[in-house]
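First up is the structure itself, then whatever we jot down about it.
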Amino acid sequence: MASRLQMLLMFGVTSRVAVASNSMAVSVFPGVRLLSIGDANGEIQRHSEQQPLRLEVKSTPDTALLNLSNSDETSVFKCSLSRETECSRVGKQSFIITLGCNSVLLQFSTPAEFSSFYNILKSCRGHNAEHSVFSDRTEESSAVQYFQFYGYLSQQQNMMQDYVRTGTYQRAILQNHVDFKDKVVLDVGCGSGILSFFAAQAGARKVYAVEASTMAQHAEVLVNSNGMGDRVEVIAGKVEEISLPEQVDIIISEPMGYMLFNERMLESYLHAKKFLKPNGNMFPTLGDVHLAPFTDEQLYMEQFTKANFWYQPSFHGVDLSSLREAAVDEYFRQPIVDTFDIRILMAKSVKYTVNFLDAKETDLHRVTVWLSTSPTEPLTHWYQVRCLLQSPLFTKAGDTLSGTATLIANKRQSYDISMVAQVDQTGSKSSNLLDLKNPFFRYTGSTSVPPPGSHYSSPSENMWSNGGYNMNQGGMPAAYDLSTVIGGSSVSHNNLIPLGTLCVCD
């Protein structure tokens, strides 16, 4: 379990208070010291406030309004910061602002307090859009839709109620509690913060929970209501754009999408390694993608049947047939997200592994797998993905199949899938280009139907000769072994038609 899914996360919030008011967010930082510096007369003049002050930051998408007040709530210093304001960080927990001939230095009580202030400032001054690795690789419209989707509590509930997913992470973290004990953890894309809570339960000293969607506000509510405010700090922002007051011992995240790579969250997970100490850990550490040829005539005909809508010569008096070919192309460009009976597979899967500790972000821009969630495992909210070939390949027993599946990253936070397959004995070849951003969600919740011809003896005779079906096995005969067809091994079934390639991830 630990080698496949290694995760660490810690929760910790500072004394900062954040309140949203219409389009303006208000944050409060106590214990800030103020130093005024000027040289109006050619000589450097300094003035330091003796008492720590209370800093109130009112931020909008364009500016930040700063107000420093003393214990009597008397304002000592006010200013407005925009993109044009001269300012810069100083060391680990200070910030300097220059207005005309004078400058002021704000010293925060802790590096964590300063980090929170600095992240707010970067966001409202528009620096993120210019310098973010995330912005460079992502269309703005895609990012808006993406973060809006994950900002809904209903979507977080959908993921949290995936008990296979949530339970696996919990076991991986708690069973490896020695890795988390007294350590600093970074949770990338924390969502509701559930993984951060697991890390804190495992003994983490500090957890930085980073979330770019509005779910960050809900996560902070959960942290405070569960009494974790001293250990878990929720940081609102993208991991590519925020700063941390310290390096971390462990990075945890749930960055997997359909076919492992969809949504390109894995790149953010790898980007977070800039905060990781040497010899630090990542949970998970490995990701596997499995590819296998399959046959499913029913699915193939379903796609063609849907496209036949556009074959009508008189739809309310309109001839649609000129768009039928385009409709067929579009339907076959859709990866199919569902579950299935394992007996549709024609061969053992080929595995492609990504080691997150070693991989770089650029390694995921183009991924080529030479001809995996496993279909025999419990269903998760990722399901499995099947990619169809519009022109099927016909095989017979003893034939071998070769080919490639190439995933090419795009700015819509997804991948284009280029598939090429060939029957080596006949030279028959087929290819397809699919759009992982536009999958067809086919799963209905019903039990997967075995493919035609999967019974090698009469089901009725089987039942009576064996004393009835073993209901513990679902009332079905055991799946038969399928031999590998890649690398020269032969197909083990007669008269099967591989209509596509199965892609699943562990």
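Let's see how each residue does on (1) at pLDDT below 90; (2) surrounded by fewer than 16 Cβ atoms within 10 Å (Cβ to Cβ); (3) within 26 Å of the chain's Cα centre (by Cα):
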residue: C87; (1), (2), (3): yes, no, no
residue: L99; (1), (2), (3): yes, yes, no
residue: S109; (1), (2), (3): yes, no, no
residue: S116; (1), (2), (3): yes, no, yes
residue: H131; (1), (2), (3): yes, yes, yes
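I want to confirm something. Restricting to segment 118-129 and keeping residues that are of a type in the set (A, V, I, L, M, F, W, C), in contact with a Ser or Thr (Cβ under 7 Å, 6 or more places away or on another chain) and closer than 12 Å to V57 by Cβ, which single residue is surrounded by the most Cβ atoms within 10 Å (Cβ to Cβ)?
Once the filter is applied, the top-ranked residue is C124.
Of the numbered conditions (1) surrounded by fewer than 22 Cβ atoms within 10 Å (Cβ to Cβ); (2) over 17 Å from H290 (Cα atoms), S414 fails exactly one; give the number of that condition.
Tallying (1) surrounded by fewer than 22 Cβ atoms within 10 Å (Cβ to Cβ); (2) over 17 Å from H290 (Cα atoms), S414 fails exactly one: (1).
All but one of (1) within 25 Å of the chain's Cα centre (by Cα); (2) at pLDDT below 90 hold for D341; state the number of the condition that does not hold.
Status for D341: all satisfied but (1).
Which one of these is in contact with a strand residue (DSSP E or B) (Cβ under 8 Å, 6 or more places away or on another chain) and under 23 Å from V350 (Cα atoms): F275, F294, F283?
Working: F275 fails: under 23 Å from V350 (Cα atoms); F283 fails: under 23 Å from V350 (Cα atoms).
Checking each option against the conditions leaves just F294.
Among (1) surrounded by fewer than 19 Cβ atoms within 10 Å (Cβ to Cβ); (2) modelled with pLDDT of 95 or more; (3) at negative phi, there is one condition H316 misses while meeting the rest; what is its number?
H316 satisfies all of (1) surrounded by fewer than 19 Cβ atoms within 10 Å (Cβ to Cβ); (2) modelled with pLDDT of 95 or more; (3) at negative phi except (3).
Among the residues of segment 221-234, is there at least one that is under 24 Å from R412 (Cα atoms) and not basic (K, R)?
Checked segment 221-234: no residue is under 24 Å from R412 (Cα atoms) and not basic (K, R).
Select from segment 291-303 the residues that are assigned to a strand (DSSP E or B) and of a type outside the set (A, V, I, L, M) and list them in ascending order.
Correct list: P293, F294.
Pick out, from segment 219-290, the strands (runs of 3 or more DSSP E) lying fully within it that include 1 or more residues that are surrounded by fewer than 20 Cβ atoms within 10 Å (Cβ to Cβ) and modelled with pLDDT of 95 or more.
The qualifying strands (runs of 3 or more DSSP E) are 276-283.
Can you confirm whether segment 225-232 contains a residue that is under 17 Å from the mean Cα position of the chain (by Cα), within 25 Å of P111 (Cβ to Cβ) and of a type outside the set (D, E)?
There is no residue in segment 225-232 that is under 17 Å from the mean Cα position of the chain (by Cα), within 25 Å of P111 (Cβ to Cβ) and of a type outside the set (D, E).
Suppose we keep only residues that are surrounded by fewer than 19 Cβ atoms within 10 Å (Cβ to Cβ) and assigned to a loop (DSSP other than H, G, I, E, B) within segment 155-191. Which one would you say is nearest to the chain's Cα centre (by Cα)?
It comes out as D162.
Pairs under 6 Å by beta carbon, first residue more than 20 Å from M215 (Cβ to Cβ) in segment 157-174, partner modelled with pLDDT of 90 or more and among the basic types (K, R), six or more apart or different chains?
Between residues of segment 157-174 that are more than 20 Å from M215 (Cβ to Cβ) and residues that are modelled with pLDDT of 90 or more and among the basic types (K, R), there is no close pair.
Taking into account only those residues within segment 377-396 that are of a type in the set (S, T, Y) and surrounded by fewer than 20 Cβ atoms within 10 Å (Cβ to Cβ), which is modelled with the lowest pLDDT?
Looking at residues that are of a type in the set (S, T, Y) and surrounded by fewer than 20 Cβ atoms within 10 Å (Cβ to Cβ), I get T380.
Does any residue in segment 270-286 that is at negative phi and polar (S, T, N, Q) come within less than 6 Å, Cβ to Cβ, of a residue that is part of a strand (DSSP E or B) and buried (at least 20 other Cβ atoms within 10 Å of the Cβ) six or more places away or on a different chain, and which pairs are these?
Cβ pairs passing all conditions: N281/I250.
Which condition breaks for S80 when tested against (1) surrounded by 15 or more Cβ atoms within 10 Å (Cβ to Cβ); (2) over 33 Å from the mean Cα position of the chain (by Cα); (3) under 17 Å from A25 (Cα atoms)?
Unmet for S80, out of (1) surrounded by 15 or more Cβ atoms within 10 Å (Cβ to Cβ); (2) over 33 Å from the mean Cα position of the chain (by Cα); (3) under 17 Å from A25 (Cα atoms): (1).
State which residue is farthest from P111 (Cα to Cα) when the search covers only segment 24-63 and only residues that are at pLDDT 90 or above and basic (K, R).
R54
The values are calculated or read from the model by the stated rules, or taken from the named source; none is laboratory data. Values in this document were obtained by computation on a predicted structure and should not be read as measured data. Virtual Cβ from ideal backbone geometry, glycine too; neighbours counted across all protein chains shown.
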